[in-house]
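**Q** Below is a structure I'd like to ask you about.
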Amino acid sequence: MIRLTRIHYLNFRNNILTKTVPTSSSPSGSTTVTYLHVPPPSPSPYPPLILLHGFDSSSLEYRRLLPLLSTLSLEAYAVDVPGWGFGDLTLKKFSASVKIEVINSFVSQLKPDGNVVYVGASLGGAVALNLSASEKKPLILLDAQGFTDGVGPQPPAMFLGLGLDVLKARWLRRYANVLSYYDDEKFATEDAITIGCLHTRREGWKEAQRSFIMSGGFEPTKDVKKVGENGGETLVIWGEEDEVLPKDFPDMFKEKIPQATIKYVKECGHVPHLEKSEETAAAILEFVKGLKK
């Protein structure tokens with residue numbers, strides 16, 4: 001059980017489910033998937049949302065958005081991407097393909113008919129893009145990474161451990177918080193930094209990050225193209241003041257996914273689901289209401 005402290009929304013349900021995966025990923029053939037869920041007050045008429053967080057973050061990234069989606073009668077599940085967050089850290093490897101494989105297994109057991117909407121923030125957008133492209137499911141991208149393959153520059157393997165120690169350092173998390181927000185004085189708080197660091201204290205965290213980095217990362221560029229070709233319904237929500245990703249990414253999404261709707265959020269940085277959660281929730285509701293039956 002995850003105890004949330006100094007957070008306004010305390011009605012989260014933290015869940016752990018066992019999911020079947022190939023023995024190539026887990027010797028036992030199963031793994032645990034953790035997620036946060038705030039049930040709406042009554043059964044939702046819309047397909048559930050699968051919320052996928054960014055690089056080395058956790059389901060707590062959606063702590064502000066989840067309760068708002070619930071009040072709008074939207075069913076949403078903020079899932080910890082394997083190797084990040086609070087899920088199983090005992091898998092054999094944590095490559096992009098394994099992360100996608102486990103999320104796909106989670107969704108297939110949660111919703112056997114496959115009627116879901118994928119929502120991906122930042123690098124979580126790469127996971128959402130892959131799942132949407134292969135399954136032709138509706139897609140919502142929140143300042144998503146869609147045009148850079150791999151994991152970026154990395155140190156030699158022998159120095160990777162030192163680099164990972166820096167990755168969980170509080171000063172680096174503070175810098176990332178300031179960079180992610182337009183109004184950093186309001187949102188880049190000590191509480192926010194603490195929340196962002198919680199999962200990095202877990203046993204096995206460093207090994208999981210090393211596995212992912214050495215695996216080569218994601219290849220979202222081909223999935224963006226595929227989503228555009230298969231005509232999947234897509235919403236791109238983008239903070240106008242994003243200083244993390246290139247400013248031409250929204251135009252690139254529109255070029256590669258002609259059917260996409262681009263929603264700009266004013267006075268907002270890289271994380272609209274945290275900085276402008278009410279506006280983000282309203283845009284998501286409008287999109288879901290308009291989905292083809």
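The values are calculated or read from the model by the stated rules, or taken from the named source; none is laboratory data. Fair warning: this is a prediction, and the values are worked out from it, not measured in the lab. Please note: Cβ atoms are built from the backbone with ideal geometry, for glycine as well, and neighbour counts cover all protein chains shown. Note: areas computed on protein heavy atoms with side chains; ligands, DNA, RNA excluded. Shrake-Rupley method; radii C 1.70, N 1.55, O 1.52, S 1.80 Å.
**Q** May I ask which residue of Ser277, Ala169, Val224 lies farthest towards the positive end of the charge dipole of region 156-283, with charges of +1 (Lys, Arg) and -1 (Asp, Glu) on Cβ and the Cα centre as origin?
**A** Ala169
**Q** Please check which bits of region 204-246 a label hung off Asp165 would reach, taking the label as a point 7 Å along Cα-to-C-beta and the cut-off as backbone N under 20 Å.
**A** Backbone N within reach: 204-214.
**Q** While we're looking at this one, here's another question. Convert each backbone phi in region 228-234 into a coupling constant with the Karplus relation 6.51 cos²θ - 1.76 cosθ + 1.60 (shift: θ = phi - 60°), then list the ³J(HN,Hα) values in order as whole Hz, x for Gly and Pro.
**A** Working through the residues one at a time gives x, 6, 8, x, x, 5, 9 Hz.
**Q** 5 Å is the cut-off here: which amide hydrogens, built 1.01 Å from N in the peptide plane, fall below it relative to Val265, excluding neighbours closer than 5 in sequence?
**A** Trp238, Gly239, Glu240
**Q** Looking at this model, which pairs from Lys186/Lys256; Lys254/Lys276; Lys186/Lys289 are more than 26 angstrom apart at the alpha-carbon?
**A** Values: Lys186/Lys256 35 Å; Lys254/Lys276 22 Å; Lys186/Lys289 32 Å.
The answer is Lys186/Lys256; Lys186/Lys289.
**Q** Could you derive backbone 3J(HN,Hα) for region 274-283 from the dihedral phi with the Karplus parameters 6.51, -1.76 and 1.60 (θ = phi - 60°), listing whole Hz in sequence and x where the residue is Gly or Pro?
**A** These are the phi-based 3J(HN,Hα) values: 9, 8, 10, 5, 5, 5, 5, 4, 5, 5 Hz.
**Q** Moving on. Can you list residues from other chains, or at least 5 along the same chain, whose modelled amide H is less than 5 Å from the amide H of Ser30?
**A** When sequence neighbours closer than 5 places are left aside, the close amide H contacts are Val21.
**Q** Same structure again: What residues of region 60-101 lie in the reach of a label at Asp191, counting those whose backbone N is under 19 Å from a point 7 Å from the Cα along Cα→Cβ?
**A** What the label zone holds, given the 19 Å backbone N cut-off, is 60-69.
**Q** Using only protein heavy atoms and a 1.4 Å probe, report how much of Lys247 is accessible, in Å² to the nearest 10.
**A** Near enough 120 Å² of accessible area.
**Q** Apply the Karplus parameterisation 6.51 cos²θ - 1.76 cosθ + 1.60, with θ equal to phi minus 60°, to every residue of region 197-212 and state each ³J(HN,Hα) to the nearest whole Hz, in sequence, with x for glycine and proline.
**A** Running phi through 6.51 cos²θ - 1.76 cosθ + 1.60 with θ = phi - 60° gives 9, 3, 6, 6, 8, 7, 5, x, 4, 4, 5, 5, 5, 4, 4, 5 Hz.
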